[in-house]
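Worksheet: one structure, shown below.
The values are calculated or read from the model by the stated rules, or taken from the named source; none is laboratory data. Note that the coordinates shown come from a computational prediction; the quantities given were computed from them, not determined experimentally. Positions of Cβ are backbone-derived with ideal geometry, glycine not excepted, and every protein chain shown enters the neighbour counts. Calculation scope for accessible area: heavy atoms of the full protein, side chains included, ligands and nucleic acids excluded. Shrake-Rupley method; radii C 1.70, N 1.55, O 1.52, S 1.80 Å.
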Amino acid sequence: QVQLVESGGGLVQDGGSLRLSCAASGSIFRFRAMNWYRQAPGKLRALVASITSGGDTNYVDSVKGRFTISRDNAKNTVYLQMNSLKPEDTAVYYCNLPDGAYNYWGQGTQVTVSS
């Protein structure tokens, strides 16, 4: 069983920065890719960034150059550094650990960017 706990969300002004953290329990973290998703009001949950177990990263076009995903396997934690935030980044952010046919999700953390 894996538990994911996100932290680091909050209210920030347009152009500001936040760093989200997602701490995972269990021993499989270092062997699995990790993802950050977000869900804005009235919209579907969407993938934002991914990192493989080896550290390769991918981003949705809208956050490239502004967001950075990273992981610390010693701490079982994945991070999302978000710079140059825009009002359209406002959403609940979720970390995700896919494990075969099952997906583990955190509880989500709210990010609000004011204009």
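For this structure, a couple of remarks:
- Residues in segment 75-114 that are among the aliphatic types (A, V, I, L, M) and either within 11 Å of the chain's Cα centre (by Cα) or modelled with pLDDT of 95 or more (or both): 78, 80, 82, 85, 91, 92, 97, 111, 113.
- Residues in segment 26-52 that are polar (S, T, N, Q) and modelled with pLDDT under 95: 27 only.
- Some residue of segment 20-33 being in contact with a Phe, Trp or Tyr (Cβ under 7 Å, 6 or more places away or on another chain) and surrounded by fewer than 16 Cβ atoms within 10 Å (Cβ to Cβ): no
- Those residues of segment 62-115 which are open to solvent by less than 40 Å² (accessible area, probe 1.4 Å), among the aliphatic types (A, V, I, L, M) and assigned to a loop (DSSP other than H, G, I, E, B), in sequence order: 85
- Test: residue in segment 16-24 that is in contact with a strand residue (DSSP E or B) (Cβ under 8 Å, 6 or more places away or on another chain), polar (S, T, N, Q) and not in a strand (DSSP E or B): yes
- Any pair with Cβ under 8 angstrom, 6 or more apart, that starts in segment 27-52 at a residue that is in a loop (DSSP other than H, G, I, E, B) and ends at one that is polar (S, T, N, Q) and open to solvent by 50 Å² or more (accessible area, probe 1.4 Å): 32/53; 33/52; 33/53; 45/39
- Tally, over segment 35-56, of residues that are of a type outside the set (A, V, I, L, M) and loosely packed, with under 14 Cβ neighbours inside 10 Å: 7
- Count of residues meeting criterion [under 18 Å from residue 100 (Cβ atoms) and open to solvent by 40 Å² or more (accessible area, probe 1.4 Å)] in segment 1-19: 2
- Hits in segment 5-43 - residues which are farther than 12 Å from residue 92 by Cβ and of a type in the set (A, V, I, L, M): 5, 11, 12, 18, 23, 24, 28, 33, 34
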